[in-house]
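Read through the structure below, which is laid out as structure tokens, and then see the notes.
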Amino acid sequence: MARRMVANDPEKCNGCRICEFACSGKKEKAFNPVLSRIRYVQLGVVSNTTLTCRLCESPTCVRSCPRKALSSDEKTGVILVDDNKCSGCGWCIEACEFGALVLHPRSKKVVVCDLCSGDPVCVECCPKKALELRTTEEISQKMRRAAAKKLLEEA
């Protein structure tokens, strides 16, 4: 089974941040984007996107943890955090090239998207349907099509 991750379509994202509020509401019982496992990012003045775990095949965050507090689920790729082992040192945060891990402001432990056990609330709540569960191949295919379309339009 292919690993599916939360993917954002910047063409559809309007920057409403409902994904962050939905995530923090589900995970923390508080509507506070700081507590979310998905992050809204505005790229310049014209593009909106989100950051979340990319479910790497060989996650640098897991390898970098000196306390072995992180592991990767073999089937889904979801990063699992053992709160009893996590010291909040932040090495995994530094190691993640996607900015997907964050330090929880109260517990001082690392948190990361766990795909809401397969049914991400951020995807469900996105009013513009900018978020979808996709495989890396589906994401790559969509990008190739968009690039080809742009080239044809310019030609």
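Go through the residues of the stretch 105-112 one by one and say whether even a single one is of a type outside the set (F, W, Y) and in a helix (DSSP H, G or I). No; the residues of the stretch 105-112 include none that is of a type outside the set (F, W, Y) and in a helix (DSSP H, G or I).
Taking first residues from the stretch 43-62 that are more than 21 Å from E94 (Cβ to Cβ) and partners that are of a type in the set (S, T, Y), the Cβ contacts under 8 Å between residues at least 6 apart in sequence or on separate chains come to L43/T49; N48/Y40; T49/Y40. Within the stretch 82-103, does at least one residue satisfy the condition of being under 11 Å from the mean Cα position of the chain (by Cα), outside any strand (DSSP E or B), over 20 Å from R134 (Cβ atoms) and modelled with pLDDT of 95 or more? Yes - at least one qualifying residue is present in the stretch 82-103.
Residues considered: V111, V121. Of these, the only one that is at pLDDT 95 or above, among the β-branched types (V, I, T) and more than 17 Å from C61 (Cβ to Cβ) is V121.
Restricting the first member to the stretch 8-20 and to residues that are in a loop (DSSP other than H, G, I, E, B), and the second to residues that are small (G, A, S) and surrounded by 17 or more Cβ atoms within 10 Å (Cβ to Cβ), the beta-carbon pairs closer than 6 Å and six or more apart or on different chains are D9/A130; K12/A130; C13/A130. Here the stretch 1-39 is the region considered, the condition is being in contact with a Cys (Cβ under 9 Å, 6 or more places away or on another chain) and farther than 16 Å from C113 by Cα, and the residue that is surrounded by the most Cβ atoms within 10 Å (Cβ to Cβ) is C13. Filter the stretch 57-109 for residues that are touching a Lys or Arg at 6+ places or on another chain (Cβ under 6 Å), surrounded by fewer than 16 Cβ atoms within 10 Å (Cβ to Cβ) and under 17 Å from R3 (Cβ atoms) and give the result. Of everything in the stretch 57-109, just one residue is touching a Lys or Arg at 6+ places or on another chain (Cβ under 6 Å), surrounded by fewer than 16 Cβ atoms within 10 Å (Cβ to Cβ) and under 17 Å from R3 (Cβ atoms), namely F98.
Residues are listed down the side, and each one gets a yes or a no for (1) among the hydrophobic types (A, V, I, L, M, F, W, C); (2) closer than 24 Å to C125 by Cβ; (3) in contact with a Pro (Cβ under 9 Å, 6 or more places away or on another chain):
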residue: F31; (1), (2), (3): yes, yes, no
residue: Q42; (1), (2), (3): no, yes, no
residue: S64; (1), (2), (3): no, no, no
residue: K68; (1), (2), (3): no, no, no
residue: D83; (1), (2), (3): no, no, no
residue: S107; (1), (2), (3): no, no, no
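There is no residue in the stretch 139-151 that is within 29 Å of C16 (Cα to Cα) and either of a type in the set (F, W, Y) or part of a loop (DSSP other than H, G, I, E, B) (or both). Filtering the stretch 44-54 for residues that are among the basic types (K, R) and under 18 Å from A130 (Cα atoms) leaves a non-empty set.
Going by what's in this entry, would T76 be described as touching a residue at least 60 places away in the same chain (Cβ under 8 Å), β-branched (V, I, T) and in contact with a Cys (Cβ under 9 Å, 6 or more places away or on another chain)?
no
So, in the stretch 40-81, how many residues would count as being of a type in the set (S, T, N, Q), farther than 17 Å from C113 by Cβ and not in a strand (DSSP E or B)? Residues meeting the conditions: 2.
The values are calculated or read from the model by the stated rules, or taken from the named source; none is laboratory data. Bear in mind that the values here come from a model prediction, so they are computed numbers and not experimental data. Because the Cβ atoms are built from the backbone with ideal geometry, glycine has one as well, and the counts that use them run over all protein chains shown.
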